[in-house]
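K.L.:
One structure, pasted below without further comment.
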């Protein structure tokens, strides 16, 4: 398989960048993950401690795996919600990225099968399986892993979704991995984290606003609640502070256009919302993951500033 043909096809399907890395066993990344789990930094995300061997070795996910194809999809928009309304992270402005990216990845995999002339064995992944997405993106030459643990692309910044195809295809050449770290001595992301959840290249999910507003099933700890401000779904503080995101440009994905209800609903609007209206307004939205009851929990008290 030719890397150039892959890149051209990926761009035609709407991906902003694409690279490919040869399959390898990620022992170093597995050991770092286990140290993170041992500290309890995964909080209530028990799934992070499962299938560790599959994260380490892609061949356990796809038999005979030879390549890891990685795509980036920009989701940045300079548009922000109206003032004084509850704040969501930018990635949740539009349609759920899992749905959008999976459809595109399936089409890219179909292209690979057509070009190779054989029944390619492959699987598509979008942030919902035991895959070290950020490390594979780095190995596919798409950027480096910043101090906030997110992938930073020199052209797009960090407001990008990562899509992965693990396949048994072998390529005639592979992307050059990004061995450099262009964060330098910058610590703006670490210093910008409202709750102190960030240390260089590590996140303590117990303190992370994103974890607590989306995945935390119990009550949000007071120490986090006090620092949330207007946020009720996710947090972009570390990305907003990153100098590389000063280069971010408007995305070109129609499905990611902001939901107009989301952009203007105030706290009272949310608390008065019923399930039927929520389903109508936010069907296929990332907000459907925690659901309306949990959203109301996040908004149950006036924000502490």
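K.L.:
Quick check on residue 299: is it touching a strand residue (DSSP E or B) at 6+ places or on another chain (Cβ under 7 Å) and in contact (Cβ under 8 Å) with a residue 40 or more places away in the chain?
P.N.:
Working: touching a strand residue (DSSP E or B) at 6+ places or on another chain (Cβ under 7 Å): yes; in contact (Cβ under 8 Å) with a residue 40 or more places away in the chain: yes.
The answer is yes for residue 299.
K.L.:
Follow-up question, since we're still on this one. Kindly establish whether residue 111 is in a helix (DSSP H, G or I), more than 23 Å from residue 193 (Cα to Cα) and in contact with a strand residue (DSSP E or B) (Cβ under 8 Å, 6 or more places away or on another chain). Explain how you work it out, then say what you get.
P.N.:
Details: in a helix (DSSP H, G or I): yes; more than 23 Å from residue 193 (Cα to Cα): yes; in contact with a strand residue (DSSP E or B) (Cβ under 8 Å, 6 or more places away or on another chain): no.
Against the criterion (in a helix (DSSP H, G or I), more than 23 Å from residue 193 (Cα to Cα) and in contact with a strand residue (DSSP E or B) (Cβ under 8 Å, 6 or more places away or on another chain)), residue 111 does not qualify.
K.L.:
Would you call residue 35 more than 18 Å from residue 233 (Cβ to Cβ) and either out of contact with any helix residue (DSSP H, G or I) (no Cβ under 9 Å at 6 or more places or on another chain) or not in a helix (DSSP H, G or I) (or both)? Let's see the steps before the verdict.
P.N.:
Values: more than 18 Å from residue 233 (Cβ to Cβ): yes; either out of contact with any helix residue (DSSP H, G or I) (no Cβ under 9 Å at 6 or more places or on another chain) or not in a helix (DSSP H, G or I) (or both): yes.
It is true that residue 35 is more than 18 Å from residue 233 (Cβ to Cβ) and either out of contact with any helix residue (DSSP H, G or I) (no Cβ under 9 Å at 6 or more places or on another chain) or not in a helix (DSSP H, G or I) (or both).
K.L.:
Quick check on the range 195-206: of everything there that is assigned to a loop (DSSP other than H, G, I, E, B) and either free of Cβ contacts under 8 Å to residues at least 60 places away in the same chain or not assigned by TED's automatic domain parsing to the domain that holds residue 238 (or both), which residue is nearest to residue 226 (Cα to Cα)? It would help to see each step written out before you state the result.
P.N.:
Taking the range 195-206 and keeping what is assigned to a loop (DSSP other than H, G, I, E, B), we get 195-197, 200-201, 204-206.
Among the residues that remain, those that are also either free of Cβ contacts under 8 Å to residues at least 60 places away in the same chain or not assigned by TED's automatic domain parsing to the domain that holds residue 238 (or both) are: 195-197, 200-201.
On the way: 195: 9, 196: 12, 197: 14, 200: 23, 201: 24 Å.
Applying the filter and picking the extreme gives 195.
K.L.:
Please find, among 21, 10, 65, the residue that is surrounded by 19 or more Cβ atoms within 10 Å (Cβ to Cβ), touching a helix residue (DSSP H, G or I) at 6+ places or on another chain (Cβ under 9 Å) and in a helix (DSSP H, G or I). Explain how you work it out, then say what you get.
P.N.:
Values: 21 fails: in a helix (DSSP H, G or I); 65 fails: in a helix (DSSP H, G or I).
Answer to the selection: 10.
K.L.:
Ok, one more. Could you list, in sequence order, the residues of the range 64-97 that are over 17 Å from residue 257 (Cα atoms), out of contact with any strand residue (DSSP E or B) (no Cβ under 8 Å at 6 or more places or on another chain) and either at pLDDT 95 or above or outside the structural domain of residue 163 (by TED's automatic domain parsing) (or both)?
P.N.:
So the first thing to find is which residues in the range 64-97 are over 17 Å from residue 257 (Cα atoms), and the list is 64-72, 83-86.
With out of contact with any strand residue (DSSP E or B) (no Cβ under 8 Å at 6 or more places or on another chain) added as a condition, the list becomes 64, 83-85.
64, 85, listed by residue number.
K.L.:
Going through 177, 194 one at a time, which residue ends up being farther than 19 Å from residue 10 by Cβ, surrounded by 16 or more Cβ atoms within 10 Å (Cβ to Cβ) and either touching a strand residue (DSSP E or B) at 6+ places or on another chain (Cβ under 9 Å) or modelled with pLDDT under 95 (or both)?
P.N.:
On the way: 177 fails: farther than 19 Å from residue 10 by Cβ.
Selected residue: 194, the only one of 177, 194 that is farther than 19 Å from residue 10 by Cβ, surrounded by 16 or more Cβ atoms within 10 Å (Cβ to Cβ) and either touching a strand residue (DSSP E or B) at 6+ places or on another chain (Cβ under 9 Å) or modelled with pLDDT under 95 (or both).
K.L.:
Report whether or not residue 100 is modelled with pLDDT of 95 or more, in contact with a strand residue (DSSP E or B) (Cβ under 9 Å, 6 or more places away or on another chain) and in the same structural domain as residue 13 (by TED's automatic domain parsing). Steps first, please.
P.N.:
Numbers: modelled with pLDDT of 95 or more: yes; in contact with a strand residue (DSSP E or B) (Cβ under 9 Å, 6 or more places away or on another chain): yes; in the same structural domain as residue 13 (by TED's automatic domain parsing): yes.
Considered against the rule, which asks whether it is modelled with pLDDT of 95 or more, in contact with a strand residue (DSSP E or B) (Cβ under 9 Å, 6 or more places away or on another chain) and in the same structural domain as residue 13 (by TED's automatic domain parsing), residue 100 comes out as yes.
K.L.:
Could you please give the count of residues in the range 156-194 that are closer than 30 Å to residue 94 by Cβ, in contact (Cβ under 8 Å) with a residue 60 or more places away in the chain and touching a helix residue (DSSP H, G or I) at 6+ places or on another chain (Cβ under 8 Å)?
P.N.:
The initial filter retains those residues of the range 156-194 that are closer than 30 Å to residue 94 by Cβ, namely 156-167, 175, 178, 182-183, 186, 188-194.
Retained after the next criterion (residues that are in contact (Cβ under 8 Å) with a residue 60 or more places away in the chain): 156-167, 175, 182.
In the following step, the residues that additionally are touching a helix residue (DSSP H, G or I) at 6+ places or on another chain (Cβ under 8 Å) were identified as 156-159, 161-167, 175, 182.
Result for the range 156-194: 13.
K.L.:
Continuing with this model, one more query. Mind telling me which of the residues 273, 250 ends up being at pLDDT 95 or above, closer than 30 Å to residue 182 by Cα and not in a helix (DSSP H, G or I)? Explain how you work it out, then say what you get.
P.N.:
On the way: 273 fails: closer than 30 Å to residue 182 by Cα.
Residue meeting the stated conditions: 250.
The values are calculated or read from the model by the stated rules, or taken from the named source; none is laboratory data. Owing to the predicted nature of the structure, the values given are computational and were not obtained by experimental measurement. Counting neighbours? That spans all protein chains shown, and the Cβs are built from the backbone with ideal geometry, glycine included.
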